[in-house]
Amino acid sequence: MRLLRIFLILTALVLIPFFIWGDQLMALFDGESARQWILSWGKLGGVAVIALLIADLFLPIPATGVMSAAGYLYGTFAGGALSVVGSFLSGMLAYGLCRAFGRRAAERLAGAEGVAQNEALFHRGGPWLVALSRWLPVFPEVIACLAGLARMRLRTFSLALLCGTLPMGFTYAAVGALFTEEPKWAMALSVTLPVVLWLVFRPFLARQEPSNP
C-alpha cells in the first residue's frame, strides 16, 4: 500500500533523533530535571515550556514530562495553558511545513496514488485521527504531517488539533500540580476527552461551506 510507505518514512524520520539523542534528552527534560531547567529561565520559564514543546517536533523531548513540569511550577491552569499553546503550535508547524513543502516529496516516494489515498483517509476520518493521536507517542507528529500532505482544511485541522491538545495539556499539567502519583488519570482522560470535545465542536464545522480553507 503506497500510503503505508509515506507513513513508515515519516515515522522513521521522527524516530531517528530518538535513537541518536533519546536517552540524553529524556534524562534532561523528564521530571525534576525538566523543572530545574525551566526554572533556570527565570521569568521566561513559560516561554521555555512552549519552546520545548515546539522543539518536540524535531527532537525526542518527553512532552508529557514538560507538561507535568509546567503544572508543577505554574499550577494546573497556567501550566495547562502553556502546554496547550506549545503542543498546538507544534502541530500547526508540522501541518504547515508538510502542506507547503512536502507534497512533491510524497509524490516521489509514493506516487500520485499514495497521495490520493492519504487525502481520502483524511477526508473520511482526519479530525478523529488528529484529535486522538495527540496522546500517543510518535503519532502526533506523523499524523500532523500526513494531514498537511493531504491538504486537510485548515479550519478543520486546527479545531481537531485543539480538541486533542486541550485535554492533553491540562491533564498532564494537573498531574504535575495535583496528581503526581496518579499518572493513569492522565492517560484515561487524554483518551476520552478528545472524543468528547470533538463531538461538541463538530456541529460548528458542519455549518461551514465545504469550499472554505
Item checked: Residue count for the stretch 38-52, restricted to those that are over 15 Å from A78 (Cα atoms) and surrounded by 22 or more Cβ atoms within 10 Å (Cβ to Cβ) -> 1
Notebook entry, point to check: Consider R151 against the criteria (1) in contact with a Phe, Trp or Tyr (Cβ under 9 Å, 6 or more places away or on another chain); (2) among the basic types (K, R); (3) part of a helix (DSSP H, G or I): it satisfies all of them except one. Which criterion is unmet?
Noted result: (3)
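Matching residues to (1) more than 24 Å from L89 (Cβ to Cβ); (2) modelled with pLDDT of 80 or more:
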{"position": "L3", "(1), (2)": "yes, no"}
{"position": "L15", "(1), (2)": "no, no"}
{"position": "F18", "(1), (2)": "no, no"}
{"position": "D23", "(1), (2)": "yes, no"}
{"position": "M26", "(1), (2)": "no, no"}
{"position": "G31", "(1), (2)": "no, no"}
{"position": "W41", "(1), (2)": "no, yes"}
{"position": "A48", "(1), (2)": "no, yes"}
Next item on the list: Could you identify the single residue in F101, F88, F139 that is in contact with a Ser or Thr (Cβ under 8 Å, 6 or more places away or on another chain), surrounded by fewer than 21 Cβ atoms within 10 Å (Cβ to Cβ) and farther than 22 Å from S33 by Cα?
Entry: F139
Notebook entry, point to check: Conditions: (1) closer than 25 Å to L199 by Cα; (2) crowded, with 21+ Cβ neighbours inside 10 Å; (3) more than 13 Å from the chain's Cα centre (by Cα); (4) not β-branched (V, I, T). A106 meets all but one. Number of the miss?
Noted result: (1)
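The values are calculated or read from the model by the stated rules, or taken from the named source; none is laboratory data. If you're wondering where the values come from, they're calculated on a predicted model, not measured in any experiment. Cβ coordinates were reconstructed from backbone atoms using ideal geometry, including for glycine residues, and neighbour counts include every protein chain displayed.
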